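Just passing along the structure, written as structure tokens.
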Amino acid sequence: MANRTIDSFFKKRRLEPSGSGETPCPLRDSSPKHQTKKFCRAESLEFDISSIERDPGMRKSIWKYLEHQRDEVRRAYIKFGPYQHELPSESMVIDKKGRRFLFSWYKLFPDWLEFSPTKNATFCLPCSFFSKPTDRFGSMAFTTSGFRSWKKINDGKNCVFLNHIGKDPNSSHKVAMQCYHDLRNSLQHLDKIIEKQNSEQVAKNRLQLQVSIDAAKWCAFQAVAFRGHDESLDSNNRGNFIELINYVSSYNEKVATVVLDNAPQNASYTSPTIQKEILSIWSSKIQKYIRKEISDSKFSILVDDAQDRSKREQMAIVLRFVDKQDYIRERFFDIVHVHETNSLTLKKEICDVLSRHNHSVQNIRGQGYDGDRNMHGEWNGLQAIFIQECPYAYYIHCFAHRLQLTLVATSQEVIPMEQFLTYLSLLINLISSSCKRVDQLRVARATRIAELIAIDELETGRGQNQIEYEDICSVLIDVINYGNTSTQRSEIDRVYDFMTSFDFVLVMHMMRDILGFEQVLSQALQCKSQDILNALKLVSVTKDRLQSNRDNGWNELFTNVKTFCDARNIEMPDMNVIYKAGRGRIRKQNDPITMEHHYRIDVFLAMVDSQILEMKNRLKEDVIELLILSSALHPKDNFQAFNIEQICQLANKFYLADFTDQEKLHLRTQLELF
């Protein structure tokens with residue numbers, strides 16, 4: 001095969017002679033003297049070149065020859081080239097508009113354009129011999145019937161000759177031209193041609209696919225949308241994926257020749273299906289890598305669910321583990337669409353994901369979810385169901401998130417606090433929804449700061465001067481007086497009345513004290529450098545401060561509130577009069593209380609007690625003990641917190657089944673040697 005040439009590949013097989021010993025050779029000329037059929041012996045590979053009909057309008061279709069004769073006929077015509085005979089101008093046929101074939105067109109398309117004087121039509125030599133006839137309209141214009149609509153030629157980009165050639169590298173004309181040139185160059189070796197074409201095509205395919213992969217990788221890492229709302233060819237923005245490929249191709253000619261418009265129509269590698277397939281392959285490879293990292297070691301699961309833009313409930317699964325180099329890793333492992341968010345459904349989906357990658361549920365040693373009831377419920381929550389199957393999969397809720405939930409729970413239990421947050425939310429929406437009001441607030445604040453600095457009643461410095469109570473009130477008064485609509489003025493007037501009430505000021509000062517404690521704690525818990533032991537100490541300190549504030553904080557709070565109200569002409573209630581419950585509230589008539597009792601007991605103590613109770617419920621003692629014992633393994637400062645007693649207690653109390661009796665006996669000795 002290495003020495004086989006195209007010439008030998010197309011060599012005709014020996015034909016069986018007919019009864020006369022001769023085979024008709026239907027190549028003929030249009031002149032009368034050549035109207036009779038010529039004959040050539042079947043054994044002969046030679047044709048009478050002089051008998052070939054050159055006029056394309058008169059020659060016989062290549063597909064009417066016997067199959068073993070066609071290549072020899074093609075060679076004969078290729079040897080002469082396109083029929084580009086020029087006639088005198090007076091001999092040319094002119095249509096009704098005075099248009100005719102122009103011989104100057106030969107120079108524009110010298111490799112294929114032919115003209116038939118007998119039919120007054122143009123033909124394409126390569127397509128006539130290599131393009132099979134079809135039933136598609138217009139497909140025979142340049143092969144059999146000829147083309148003679150001259151007005152469609154000088155039509156710019158719509159020139160019929162250019163349209164015949166086509167823009168697609170795999171157009172029928174270009175394929176025919178390639179076959180035409182290959183057969184003409186009979187000295188090339190067939191196997192080398194095929195090998196070269198195959199290797200070049202493979203390289204082009206790989207480059208084309210690599211560009212699509214790189215574009216998908218960029219979009220994924222930058223977290224941008226792949227598709228656009230209009231990806232049609234005439235769109236100004238076809239989406240990030242296609243626009244990125246187009247941008248890259250503008251800087252690289254090799255890329256430009258294989259992507260988008262120059263790519264094969266059946267293999268462009270830019271469809272949404274291809275994009276999803278590329279992402280799916282990456283996802284599978286990453287999951288296999290994570291599985292290899294974890295191996296058969298213990299791990300924890302972190303799960304959260306949320307709705308996406310299409311209103312589909314999605315559950316994200318993150319695995320936390322210690323790798324072979326003793327580094328703690330958190331890997332995003334999978335995202336799953338769930339039809340329901342009850343605990344049993346979530347548990348089934350999580351187990352399906354783990355089992356699909358050969359992870360055992362028995363190796364789970366920790367769970368981390370949000371504070372929803374379906375997640376953290378003590379009896380039917382997701383964490384409780386996993387603990388039933390794996391008793392060492394301890395549930396640890398994010399401390400910073402727990403502090404937020406304690407405030408939410410308290411606001412739902414204490415009516416004055418719920419009212420305060422409702423009006424505060426309404427106030428924020430009323431101001432932030434208008435650029436004009438935001439600007440007014442800034443101007444009012446800047447004016448007030450300048451006045452206070454001028455009389456030495458305000459210190460300057462970064463973070464010292466935030467927007468305050470008076471500035472907000474001044475903006476509200478301005479809207480009440482000059483608002484656009486009566487509805488708007490009425491709504492803001494209602495907010496202003498509540499803001500300038502004693503109830504609002506009291507709760508505002510209480511919230512400031514409570515949030516002051518928890519803000520410090522929340523920032524500390526979210527700090528990456530904060531170790532577990534110090535974080536737990538801060539939790540304990542916060543509880544103590546809340547308890548101290550409950551026991552001794554009322555008098556100081558009331559004094560601060562009174563000073564605030566006096567400075568701003570806010571009416572103070574008489575604390576010694578009998579408190580009258582509002583409409584709809586029921587209180588026993590034989591048990592009257594004073595206003596002081598109501599604000600101190602029903603508001604202040606109720607709010608602080610609720611906060612303390614929520615912290616105790618959400619920061620359970622067994623969880624705190626587990627974290628304290630685990631802190632003995634913290635590698636910070638060269639294992640400064642290392643404690644043999646705590647580690648042994650951790651193994652014996654919380655991970656009893658992970659150690660055999662013999663391992664427990666040797667554990668202390670090994671820790672002492674360590």
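The values are calculated or read from the model by the stated rules, or taken from the named source; none is laboratory data. Model, not experiment: these values are computed from the prediction. Note: ideal-geometry Cβ built from the backbone for every residue, glycine included; neighbour counts use all protein chains shown. What goes into the accessible areas is simple: the full protein's heavy atoms, side chains included, and nothing from ligands, DNA or RNA. Shrake-Rupley method; radii C 1.70, N 1.55, O 1.52, S 1.80 Å.
Quick one: if the Förster radius is 41 Å, what FRET efficiency do Ile415 and Glu625 give, using the C-beta to C-beta distance and rounding to 0.05? Present the calculation step by step, with values, prior to reporting the outcome.
Values: r = 36 Å, r/R0 = 0.88.
With R0 = 41 Å, the Cβ-Cβ based efficiency is 0.70.
Under 17 Å from a point placed 7 Å out from the Cα of Val93 along the Cα-to-Cβ direction: which residues of region 112-137 have their backbone N that close?
Hits in region 112-137 for Val93 at 17 Å: 114-124.
Report the extension gain between Ser486 and Asp591 in nm, rounded to one decimal, defined as 0.36 nm multiplied by the number of residues separating them, less their alpha carbon distance.
Extra length from Ser486 to Asp591 when fully extended: 33.5 nm.
Averaged per residue, what accessible surface does region 283-388 expose to a 1.4 Å probe, in Å²?
Here the per-residue accessible area is 59 Å².
Need the C-alpha centroid separation for region 555-576 versus region 278-299, integer Å.
Rounded to whole Å, the Cα centres lie 62 Å apart.
On the full set of protein chains, 1.4 Å probe, figure out the accessible area of Met177 and give it in Å² to the nearest 10.
Solvent-accessible area, nearest 10 Å²: 20 Å².
With each label point set 7 Å from Cα along the Cα-Cβ vector, what nm distance links Leu233 and Ser61?
Going by the 7 Å Cα→Cβ label model, 2.9 nm.
In region 63-102, which trypsin sites (Lys or Arg not before Pro) are in a loop and have at most 12 other Cβ atoms within 10 Å, using DSSP for the loop call?
Filter output for region 63-102: Lys96, Lys97.
So for each of 559-570, 381-392 I average, over its residues, the number of other beta carbons within 10 Å; can you give me the resulting order with the highest mean first?
The most tightly packed comes first, giving 381-392, 559-570.
Follow-up. So what does Arg494 come to for accessible area, using a 1.4 Å probe and Å² rounded to 10?
Its heavy atoms expose roughly 110 Å² to the probe.
Across 10 Å bins from 0, what is the distribution of all Cα-Cα pair distances for region 219-330, in whole percents?
That works out to 11, 29, 27, 19, 13, 1, in percent per bin.
Return a whole-number percent for the relative contact order of region 305-344, with Cα pairs under 8 Å and 6 or more residues apart as the contact set. Please list the in-between numbers first.
Values: 52 pairs, mean separation 14.8, N = 40.
Relative contact order of region 305-344: 37 percent.
Any idea how far apart Asn358 and Ile286 come out in nm if each label point goes 7 Å out from Cα toward Cβ?
Result for the modelled spin labels: 2.2 nm.
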